[in-house]
1. Could you work out the relative contact order of the chain, using alpha carbon pairs under 8 angstrom and six or more residues apart, expressed as a whole percent?
2. For the chain, what does the helix formula give at 222 nm: sum of -39500 (n - 2.57) over DSSP H segments with n ≥ 4, over the residue count, nearest 500 deg cm²/dmol?
3. Picking from 144, 74, 181, which is most flexible by a Gaussian network model of the chain using Cα springs under 10 Å?
4. Can you compute 3J(HN,Hα) from phi for each residue in region 173-190, using the Karplus curve 6.51 cos²θ - 1.76 cosθ + 1.60 with θ = phi - 60°, rounded to whole Hz and x for Gly and Pro?
5. What GluC sites (Glu not before Pro) in region 100-196 are in a loop by DSSP, with at most 10 other Cβ atoms within 10 Å of the Cβ?
6. Report the extension gain between residue 128 and residue 104 in nm, rounded to one decimal, defined as 0.36 nm multiplied by the number of residues separating them, less their alpha carbon distance.
7. Of all DSSP beta bridges located in the chain, what percent are antiparallel, nearest 5?
8. At a Förster distance of 22 Å, what's the computed FRET efficiency of residue 183 paired with residue 24, Cβ-Cβ distance as r, to 0.05?
Amino acid sequence: MKELILPNNVALQMLLVPLFPLLETKDLVELSVNKPFEVGLEIAGRGYQFQTAELLDYAYWVLLCHVLANQNGVVFNPQHQPRVSTALPGGHRFEAMVGKNVEHFLSISIRIKRAISIALEHFGLSGALKERIIHLVQLGANMVISGGTSSGKTTFLNQLIAYIPLHTRILTVEDTRELEVPHLNRKHYIVSRNEA
């Protein structure tokens, strides 16, 4: 009997079914996996809550990594190329390291793409400083935005992009597509972090 091979998108949709209830958790910021059969859910304002996930064993995560890698045309191999960095449907950022180089053979992070809009004032910009930053963005000045994980760098940059004149050509370079650019003359480049 011939083996049934599903297209990657169908295989991925089926493979994500056990994750759907977890990814739909209210106010979810990140889903973390540090070992098989357990997930940590970071809930906005409440920190991490860990729970058992009986279907999410080591084999599940390795298979998901293979399907995601195949879908994105990158190499994944638990022994020789154990990393996958990509996006799930819906824009959620997926980062994985599996195999002997990590404790319990798993380190998975799914950063949830949330539809939130935070004003520049929430980043400490107001009055003359806010107006100066907006003016510099409109002039096309070079800026460096730096910060730790979950510090709001992408959210802040998405706010600043709104002040770039719409006639400007925008080129973005990202490892996973997260920036929202309303400009018609735009091009997004994805530079994979999956290469050895």
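The values are calculated or read from the model by the stated rules, or taken from the named source; none is laboratory data. It should be emphasised that the depicted structure is a prediction, and the values quoted were computed from it without experimental measurement. Ideal geometry is used to build each Cβ from the backbone, glycine not excepted, and the neighbour counts take in all protein chains shown. Protein only, heavy atoms only, side chains kept; ligands, DNA and RNA dropped before computing areas. Shrake-Rupley method; radii C 1.70, N 1.55, O 1.52, S 1.80 Å.
1. Values: 283 pairs, mean separation 31.7, N = 196.
Answer for the chain is 16 percent.
2. Numbers: 5 runs with 49 residues, N = 196.
Roughly -7500 deg cm²/dmol at 222 nm, from the helical runs in the chain.
3. 144
4. 10, 9, 8, 9, 5, 9, 7, 9, 10, x, 5, 6, 8, 9, 8, 10, 10, 10
5. Working: sites: 103, 121, 131, 174, 178, 180, 195; in loops: 178, 180, 195.
Those that pass, being in a loop and sparsely packed, are 195.
6. Details: separation 24, 0.36 × 24 = 8.64 nm, distance 5.09 nm.
Contour length minus the Cα-Cα distance gives 3.5 nm.
7. Details: 26 of 31 bridges.
Restricted to the chain, the bridges split so that about 85 percent are antiparallel.
8. Working: r = 32 Å, r/R0 = 1.44.
Efficiency for this residue pair is about 0.10.
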